[in-house]
Amino acid sequence: RKEVEQDPGPFNVPEGATVAFNCTYSNSASQSFFWYRQDCRKEPKLLMSVYSSGNEDGRFTAQLNRASQYISLLIRDSKLSDSATYLCVVNTNAGKSTFGDGTTLTVKP
Amino acid sequence: EAGVTQFPSHSVIEKGQTVTLRCDPISGHDNLYWYRRVMGKEIKFLLHFVKESKQDESGMPNNRFLAERTGGTYSTLKVQPAELEDSGVYFCASSQDWDRLSFLTFGAGSRLTVL
C-alpha cells in the first residue's frame, strides 16, 4: 500500500463547477500536510498548507481529518486556469515529504 | 529572489554513460532535497542535505547514484553508469528551515533520457 494515496482521476469538469479531491495517508506519525499544483512539464508549486482546523484560500478549501488520516481539497467555481495535476504531500518529523501520485483536473469551457 | 535552479534542463545519454545534474538552491536555504519522477510513477524522495551533510539518503536507489553538496551551497547528483530505468525528471527542492510547517520550493527539474 502506498504511503499517500489519491484519487487518480482524471477529473473533467465544466467551468464554474465545484470539484473535490481526496487523499489518504498511512503514516500516523505524519505531522504536516500540503497540496501542491503541478502544470504539465513544470515543477510542483505549493498551493496551500492544510491545517487541522481546515483552511480556505479564495476558491480553495483544504480539510484534514487526523482520525481518519484523510485530507481533501475543494475547488469552487472552477476556472480554465485550474487545469493541472494536484499533488497531496505529507511530511513526517523525519524531514521527508511523501507525494501522492497526483490527481489530474481538466476544466473545460 | 532567485528560485531553485537546475542544470541541465534536459539530458539525453546512452546506457552506460555518466550524467551529472546540478542544483542551486535558494540562497540561504540550508535544506536541499533531490526527488525524481519516473514515467507513470509518483514523485519520490531521493535524499536530503542539511548544509553539506546528508541528513537522509534512504531514497537513493542504488550505488550508481552519488550526491554531493560541498560547501553547503549547490549540489550535484551523478548517475554512473546510467541505466534505462534511470530515465525521468529529477527535481531539486530547498527550504530554509526544517520543521513540520516547512514546505519545499522546487526547481524546474532536469529531464534525463537514457537510450
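Bear in mind that the values in this text are calculations on the coordinates, not laboratory data. A quick note: this is a predicted structure, and the numbers were derived from the prediction, not measured. Using ideal geometry, Cβ is built from the backbone for each residue, glycine included, and neighbour counts are taken over all protein chains shown.
Checked across region A:86-93, the condition of being in a strand (DSSP E or B), within 12 Å of chain B (Cβ to nearest Cβ) and within 17 Å of A:VAL19 (Cα to Cα) holds for at least one residue. Scanning region A:26-35 for residues that are touching a Cys at 6+ places or on another chain (Cβ under 9 Å) and more than 8 Å from every other protein chain (Cβ to nearest Cβ) turns up at least one hit. The C-beta contact set for region B:36-47 (first residue without any contact (Cβ under 8 Å) to a residue 12 or more places away in the chain and at the interface with another protein chain (Cβ under 9 Å from one of its Cβ atoms), second residue in a strand (DSSP E or B) and of a type in the set (Phe, Trp, Tyr), distance under 9 angstrom, 6+ apart or interchain) comprises B:GLU42/A:PHE99.
When region B:49-94 is examined, which residues are found to be farther than 19 Å from B:VAL12 by Cα and charged (D, E, K, R)? B:LYS51, B:GLU52, B:LYS54, B:ASP56, B:GLU57, B:GLU68, B:ARG69, listed by residue number. Within region B:74-84, does at least one residue satisfy the condition of being within 14 Å of chain A (Cβ to nearest Cβ) and either on the phi > 0 side of the Ramachandran plot or of a type outside the set (Gly, Ala, Ser) (or both)? So far as region B:74-84 goes, no, none of its residues is within 14 Å of chain A (Cβ to nearest Cβ) and either on the phi > 0 side of the Ramachandran plot or of a type outside the set (Gly, Ala, Ser) (or both).
Working carefully through the options B:SER58, B:SER27, find the one that is within 18 Å of B:ASP97 (Cα to Cα) and either in a loop (DSSP other than H, G, I, E, B) or within 11 Å of chain A (Cβ to nearest Cβ) (or both). Explain how you work it out, then say what you get.
Details: B:SER58 fails: within 18 Å of B:ASP97 (Cα to Cα).
The unique qualifying residue is B:SER27.
Looking only at region B:7-31, which residues are within 25 Å of B:PRO81 (Cβ to Cβ) and either among the hydrophobic types (A, V, I, L, M, F, W, C) or buried (at least 20 other Cβ atoms within 10 Å of the Cβ) (or both)? If the condition is that a residue be within 25 Å of B:PRO81 (Cβ to Cβ) and either among the hydrophobic types (A, V, I, L, M, F, W, C) or buried (at least 20 other Cβ atoms within 10 Å of the Cβ) (or both), then B:PHE7, B:VAL12, B:ILE13, B:VAL19, B:LEU21, B:CYS23 are the ones that fit.
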